[in-house]
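**Q** Here's a structure for you.
The values are calculated or read from the model by the stated rules, or taken from the named source; none is laboratory data. Everything numeric here is computed off the predicted structure, so don't read it as measured data. All Cβ positions, glycine included, derive from the backbone under ideal geometry; neighbour counts span all protein chains shown. Areas reflect the complete protein model, heavy atoms only, side chains present, ligands, DNA and RNA absent. Shrake-Rupley method; radii C 1.70, N 1.55, O 1.52, S 1.80 Å.
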Amino acid sequence: MLVSIKEVSGEHEPAADRRDGDAEGRDWDAIRAAVLRFVRGRGARPDVAEDIAQETVTRLIDILRAEQVGSIFALAFRIADNLLVDVYRRDSRLSEEVDDDWRSEEPSLERVLDSRRAIEVFHRCLRRMPALRREVLVRRRVNQESCRAIGDDLSMSAKAVEKHITRGMVDLRKALEKAGIDLGGEA
């Protein structure tokens, strides 16, 4: 939530009525802009830079109400730098790599369940296919037989075998789509 600098610092009187050394007499917009440039220059994302600049100004106002500061810009940059380090530390803890002991080469449970469901759909679809199409498809895709060998055994041309395979694959694809299964090009 962005809060205006005037709300935080308590600026309500005109600039001419302010004393130069007071926290209320500072040009907070210039300090905020300088801190923003500083933080962005250190590689912070724009949203992080905005948050740090606002927090820096807020902390400066609190400090200046309690004690005298020699260089407000030096203090502002130090506060901003510390806040930026805190952000990087927090982000690094959140994005640490997963420990190798916890990694697994096994597929996720979701993927296993999806695969089982796809196999059920395949079996159902194969049972519904005409016997000749099912035999050609299984011999070619599962047993890796050549179209010529399948055609010779079934007294068919290689082109007829290819048509049965194509139609069988279309039937399987439609059954998967109807079941809402997307194999991502693995079929």
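**Q** Spelling out what I want: for every residue of the range 61-71, take phi, set θ = phi - 60°, compute 6.51 cos²θ - 1.76 cosθ + 1.60 (Karplus), and round to whole Hz; glycine and proline get x.
**A** Along the range 61-71, the couplings run 4, 4, 5, 5, 6, 9, 8, 8, 10, x, 10 Hz.
**Q** Would you please name the trypsin sites (Lys or Arg not before Pro) within the range 23-97 that are DSSP coil residues with at most 11 other C-beta atoms within 10 Å of their C-beta? Write out the running numbers ahead of the final one.
**A** Numbers: sites: ARG26, ARG32, ARG37, ARG40, ARG42, ARG59, ARG65, ARG78, ARG89, ARG90, ARG93; in loops: ARG26, ARG42.
Hits after loop and neighbour filter: nothing returned.
**Q** May I pose another question? Could you derive backbone 3J(HN,Hα) for the range 132-145 from the dihedral phi with the Karplus parameters 6.51, -1.76 and 1.60 (θ = phi - 60°), listing whole Hz in sequence and x where the residue is Gly or Pro?
**A** 5, 4, 4, 5, 4, 5, 5, 5, 7, 7, 8, 8, 6, 7
**Q** Roughly how many Å² of LEU36 are accessible to a 1.4 Å probe, to the nearest 10?
**A** Answer for LEU36: close to 20 Å² accessible.
**Q** Still on this structure: Would you kindly derive the ³J(HN,Hα) couplings of the range 120-127 from the backbone phi angles with the Karplus curve 6.51 cos²θ - 1.76 cosθ + 1.60 (θ = phi - 60°), listing them in order in whole Hz, with x for Gly and Pro?
**A** With coefficients 6.51, -1.76 and 1.60, one gets 4, 5, 4, 4, 4, 5, 4, 5 Hz.
**Q** Which loop-located GluC sites (Glu not before Pro) does the range 110-187 contain, where loop means any DSSP state but H, G, I, E or B and the Cβ has at most 13 other Cβ atoms within 10 Å?
**A** Working: sites: GLU110, GLU120, GLU135, GLU145, GLU162, GLU177, GLU186; in loops: GLU145, GLU186.
Answer by residue number: GLU186.
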